[in-house]
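Participant: Pasting a structure here, questions to come.
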Amino acid sequence: MNNLIRTVQYIVSCSVDLKNKYTGESSAPVEFACIFCQNEKEYKEFTKSIKELGKIVERTQGGFTYLLDKPVTTIAGSLRLVKIRKPDSNRPERGDTDFNTNYENFKKRYLKNSKFELVKRRTFEYLRLHDQNFDVMACFSNIPKSKDLGIKL
């Protein structure tokens, strides 16, 4: 369990560093974090650990999102939504973090920056920030993950 918490805190911390390097959103709070499991053994370990900390609130092909009973303390605030993602050779990064911002203003400011990619999903869109010198990504969604899932945090 401690390895899971440390991994989440590491991902958030590195994502904050990435976000702060490329944006002026230094105080943007964390909404959601995703661990990109590096192998099947790690996926099983983290899945077993997180089941003791919360319940599944979203099921996707890539893995499950959990609502934690007690938030994890991170440098970007309290975090209650964590996804454990299955190993995927297309995602060698350690994970990603979603931050809450004024999305429309954020999008106008950063959309043309080559470090950002606009990703459109069925119910929402987001800008994903990536730099090969970081082993994480930072995301900025037009709808907070909790709202998309219908969860009051």
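Participant: Counting Lys and Arg as +1 and Asp and Glu as -1, each charge on the Cβ, what is the dipole of the stretch 2-149 about the Cα centre in debye, to the nearest 20?
Facilitator: 300 debye
Participant: Which of the pairs LYS112/LYS152; LYS115/LYS145; LYS44/LYS152; LYS86/LYS108 have their Cα atoms more than 31 Å apart in this structure?
Facilitator: LYS112/LYS152; LYS86/LYS108
Participant: For the chain, what is the mean residue ellipticity at 222 nm derived from helices alone (per DSSP H run of n ≥ 4: -39500 (n - 2.57); sum divided by total residues; nearest 500 deg cm²/dmol)?
Facilitator: Estimated from H runs of four or more residues: -9000 deg cm²/dmol.
Participant: Right, here's the next one. State the label only: which of [x] 11, 44, 37, 8, 0; [y] 11, 40, 33, 15, 2; [z] 10, 35, 29, 15, 7, 4, 1, 0 corresponds to P(r) over Cα pairs in 10 Å bins from 0, in percent computed from the shown model?
Facilitator: Label of the calculated value: [x].
Read-outs throughout are calculated quantities, based only on the coordinates presented, and are distinct from any laboratory measurement. Fair warning: this is a prediction, and the values are worked out from it, not measured in the lab. Backbone-built Cβ (ideal geometry, glycine too); neighbour counts: all protein chains shown.
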